[in-house]
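Just so it is clear, none of the values below were taken in a lab; they were calculated from the coordinates. Keep in mind it's a predicted model, so treat the numbers as computed, not measured. In this analysis, Cβ positions are derived from the backbone assuming ideal geometry, glycine residues included, and neighbour counts consider all displayed protein chains.
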Amino acid sequence: MLSRMTHQRIVALDFLVIAWVLFCLMLGMAVTKRINHLGALGDGLVSAGDSVSGVGDWIAGLQDIPLIGGSIGAVADKVDDLGAATAQQGVNGKEAVEIDRLGLTLAAGEIPSRVSVTTGTTPEPPPEA
């Protein structure tokens, strides 16, 4: 039969493990929320880039108007290129966020298990040769 002191230590350790699990869950939810905000930033860049490309297309339509046309086609091409580059940066950012999400998810699952395993055991000394 367990002594009263041993029983209290077991209960205290149980509460400590529960607190650790809750902390890890809250940390994981906070990280997920931040990563979702980063993904939305990438979506915003893609949208802005597409809008700028649309402005470039609109400017290109002005080439046919006398007195305005002429060299405006070069400006339209530059604006269109800027929009395409911005949209591509948004896509690249979203891909990087997805890669980070995978790494952080693996870390969030790995760190608590490593801590819980290493705190409960003591390493054995290496065998002598």
> For the range 1-54, what is the Kirkwood estimate of the hydrodynamic radius, computed as the reciprocal of the mean inverse distance between distinct Cα atoms, to one decimal in Å?
Replying inline: 14.9 Å
>> I need to check one value: relative contact order of the range 48-111, counting alpha carbon pairs closer than 8 Å and at least 6 residues apart, in percent.
In response: 37 percent
>> Roughly how far apart, in whole Å, are the Cα centres of the range 56-95 and the range 1-51?
In response: 45 Å
> Which FRET efficiency value, to the nearest 0.05, is calculated for Ala74 and Ser51 with the Förster distance at 22 angstrom and r the Cβ-Cβ distance?
Replying inline: 0.60
>> Let me spell out the model: positive unit charges on the Cβ of Lys and Arg, negative unit charges on the Cβ of Asp and Glu, origin at the Cα centre of the range 48-111. What dipole size does that give, in debye rounded to 20?
In response: 120 debye
>> Starting from the 7 Å offset along Cα-to-Cβ, what nm value, one decimal, do you get for the label separation of Ala19 and Arg101?
In response: 3.3 nm
>> I need the calculated FRET efficiency for the pair Met29 and Asn92, taking r as the beta carbon distance and R₀ as 25 Å, to the nearest 0.05.
In response: 0.40
